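Heads up, the thing below is written out as structure tokens.
Here, each number is a calculation from the coordinates, and none is a lab measurement. Model, not experiment: these values are computed from the prediction. Neighbour counts run over all protein chains shown; Cβ positions are idealised from the backbone, glycine included.
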Amino acid sequence: MTPRAESRPVDRLLAVARAAELLGTTERFPRRLIEQRRIRFARLGRHIRIPESALREFIEAGLVEPANPTRNRRKTA
């Protein structure tokens, strides 16, 4: 009897068009990210797919936290 493989959540693979739709861009943008190797992708034969987690990581890496407005204020007395 062989031990069962640990079950891991399956990461959905998105077509370039779907990734562009989620990003709110044209297909050219995710294709450029793939060409510049700025995002992980899978090549399945002649099809290109982007893992959903890679898209999330790309978005999170580009997030900019809001500035703390109280930090830059001068105290008035």
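Let me check I've understood the local charge: for L63, count other residues with C-beta under 13 angstrom from its C-beta, Lys and Arg +1, Asp and Glu -1. What total comes out? Don't jump to the answer; show the numbers that get you there.
On the way: positive: R56; negative: E57, E60, E65.
Here the charged neighbours net out to -2.
Once you have a ≥ b ≥ c as the square roots of the Cα gyration tensor eigenvalues for the range 13-61, tell me rounded if a/c is under 1.5, and otherwise prolate or oblate according to whether a/b is larger than b/c.
rounded
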